[in-house]
Amino acid sequence: MSTQRAIETAAVDDLVIIMRDAARGCWLEFTHPLEVLEIHDDRDVVSALIHIGQSATRRGLYAAGMIAYEAAPAFDPSLAVPEKGPFPLLWFGLYREPHRIVMPPILHDPKISLPEWHPTVQDPEYRNVFSAIRSHLYQGDIYQVNYTYRLGCAFALDPWPFFVRMCSAQGAPYGAFIRTHDRVILSASPELFFSLDGDRIVSRPMKGTIERGRTWQQDRENARRLLVSEKERAENLMIVDMVRNDLGRIASAASVTVPRLFELEKYPTLWQMTSTVEARTAASLTEILQALFPAASITGAPKHRAMQIIADLENTPRQIYTGSIGFLAPNRRAQFNVAIRTVAIDRSDNAALYGVGGGIVWDSECDAERRECHVKALVLSAQTEEFSLFETIRWTP
């Protein structure tokens, strides 16, 4: 990588991508693409990905970009999705080596008011949908479905400082900022869809959420409640089994393992339960996505039937939300997130959307699921200040 430098603004280039490289522990800035691929037709997605993969392996280029949730039928025509709308199914740039950058400090201006977000689904409709999902669960159609909706607002702020603020409020180990000619994407994602390093592929599905406590004791109790919850552990294990099955389609024989199960991860606004699934594979980027996309943690089980129900019940397309954002580097290195905790801004009218949702199973409670959606939206308004500790001591010889 080129020399690390500080970045105070993301206004250097109209086309810019900034992503956190979790394996290297740094942020990467991709600018001045040699080529841009924007795909709106299902039939062109796979060929575009093949071109991207060949550009990395044969030309030594980097690829960075995003794949919308509604791109799923391009990988498997039997997967159902909502009507896609104008959002591209795939957007990638091809680049030379990216720059390492340093994120700026968080600066809070009390005179700036944050956007007011409005849900696309009100409480009565949410309860009706919850009842419909319960009926599917009772009939044995599904074991779990991940139902989501959107929050919307008129976004009048500079997206870059807001993104820095989101990353501070969420933690964002797989964060990404994308600005194209038409839109800006701010993803403070904590979830790894998959990483690739040579023949080693790793996925870290995230299922199980609880808010942080107001006191140290309450916070530890919340973490304990999440860790021992039979419901949350069962949901997490269900998704782990789906990921194992998906990885098994491309993995070397007997190489799929689960080295870590039911781990708790602490973020500024919530606790999350994650597990880690690994395998060895010689599959290409295209073959990996054909086996895994979309991520099991944001569909439900079984995936095909859950996605049919999602397409029937959700009233707006997900677009980039629950899709994936990531990069592909030479020498078979890649990182792709699950695009949750993600804002999408249309640059033509500054309309912004932010998706929230959660997995619903038979013993889920409607009010608790709705509260979980509110917790996942705290990243939009959380106040996190950077601080330094100055300490003095008395020394006696």
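The values are calculated or read from the model by the stated rules, or taken from the named source; none is laboratory data. The shown structure was predicted, so the numbers you read here are calculated from the model rather than taken from an experiment. FYI the Cβ positions are ideal-geometry reconstructions off the backbone, even for glycines, and counts take in every protein chain you see. For the accessible areas, the whole protein counts, side chains as well, though only heavy atoms, and no ligand, DNA or RNA atoms are used. Shrake-Rupley method; radii C 1.70, N 1.55, O 1.52, S 1.80 Å.
Points worth noting:
- The set of residues in the stretch 130-145 that are open to solvent by 10 Å² or more (accessible area, probe 1.4 Å) and either closer than 21 Å to residue 376 by Cβ or of a type in the set (Phe, Trp, Tyr) (or both) comprises 130, 138, 143.
- Being closer than 28 Å to residue 32 by Cβ, among the small types (Gly, Ala, Ser) and open to solvent by 10 Å² or more (accessible area, probe 1.4 Å) holds for only one residue in 195, 189, 229, and it is 195.
- Residue within the stretch 316-329 that is at pLDDT below 95, within 19 Å of the chain's Cα centre (by Cα) and surrounded by fewer than 21 Cβ atoms within 10 Å (Cβ to Cβ) present: yes
- Flag if residue 279 is open to solvent by 10 Å² or more (accessible area, probe 1.4 Å) and either part of a loop (DSSP other than H, G, I, E, B) or over 30 Å from residue 221 (Cα atoms) (or both): no
- Checked against (1) at pLDDT below 90; (2) on the phi > 0 side of the Ramachandran plot; (3) not acidic (Asp, Glu), residue 254 passes all but a single condition, namely (1).
- Scanning the stretch 19-72 for residues that are touching a residue at least 60 places away in the same chain (Cβ under 8 Å), within 28 Å of residue 101 (Cβ to Cβ) and assigned to a helix (DSSP H, G or I) turns up 49, 52, 53, 56, 57.
- When restricted to residues that are of a type in the set (D, E, K, R), open to solvent by less than 10 Å² (accessible area, probe 1.4 Å) and over 22 Å from the mean Cα position of the chain (by Cα), the stretch 30-88 contains 0.
- Residue 335 open to solvent by 10 Å² or more (accessible area, probe 1.4 Å), in a strand (DSSP E or B) and within 30 Å of residue 51 (Cα to Cα): yes
- Residue check for residue 163: among the hydrophobic types (A, V, I, L, M, F, W, C), open to solvent by less than 10 Å² (accessible area, probe 1.4 Å) and modelled with pLDDT under 95: yes
- Extreme residue, surrounded by the most Cβ atoms within 10 Å (Cβ to Cβ), among residues of the stretch 283-310 that are outside any helix (DSSP H, G or I) and of a type in the set (A, V, I, L, M): 295
- Subset of the stretch 166-181 (residues that are in contact with a strand residue (DSSP E or B) (Cβ under 7 Å, 6 or more places away or on another chain) and open to solvent by 10 Å² or more (accessible area, probe 1.4 Å)): 173, 174, 179
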